[in-house]
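In what follows, a single structure is set out as structure tokens and then discussed.
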């Protein structure tokens, strides 16, 4: 009996020595899994949709426009505000792309310590959650659509994607995710959270545009109102003509709220129908 017990103890000791390192590493591994792996993902480019550039051009990226670029293995980088001195990462350090029904989606890990905290704050707050791209057009054609000249981009090189405060493509956006609890990029763009974030981003950009238009309109109305008062005090052709009335702040806010609610209904309809 003692001999058998001695053998069992010896075997037990050998097993403990052999597998002890796995037990020691287990708590560390568990902590690593719980640690968030923050990434930034979103839409970089929309395809088959007109995009008005700051130079006055109207561009349409055709599906597959960047296939040749990616097939060549050419490098694409992520910059901040189109600044080549602020390179966050590239396709050789975690940046990835996936073609979707809407366009070109992207994802990159937020592990560049120099920029991570700043990017996290700007994307979370929405202050710099838009995306703009730097491209080199390699094949294109121009067509007249209605009264507009439209440039169709058949192929292009994608040099960089930048996180910006506002871009030419309203729908291009960035959001934060935890890669530990998210599917692959190609699957993520099909999820409801991605579509909701995209819809909310569109509502935000449209609201900002509406605010800008209202302010511009108020400025023009103020100018017209002042001119009407000058004419009325002059030779008299405008005497008796009612002066142009500038909308009150309450009226402007109400118009903006109504437009925002309309956009929200539109976003919900596109998400769930």
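What follows draws every value from the coordinates through simple rules; no lab data is involved. Bear in mind the structure is a predicted one, so any value in this text is a computation, not a measurement. Please note: Cβ atoms are built from the backbone with ideal geometry, for glycine as well, and neighbour counts cover all protein chains shown.
The table below gives the values:
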item	result
Paramagnetic reach from residue 96 (point 7 Å along Cα→Cβ, amide N under 12 Å) across segment 171-186	179-180, 182-186
Cα shape, segment 114-200, gyration tensor, a/c 1.5 rule	prolate
Rg/Rh for segment 35-186, where both radii come from Cα atoms and Rh is the Kirkwood radius	0.97
Rounded if a/c under 1.5, otherwise prolate or oblate - segment 82-140, Cα gyration tensor axes	prolate
Length gained when the stretch residue 145-residue 70 is fully extended (0.36 nm per residue, less Cα-Cα span)	24.0 nm
Cα gyration tensor, segment 112-156 - rounded (a/c under 1.5), prolate or oblate	oblate
Label-point separation in nm, residue 81 to residue 195, each point 7 Å along Cα→Cβ	3.6
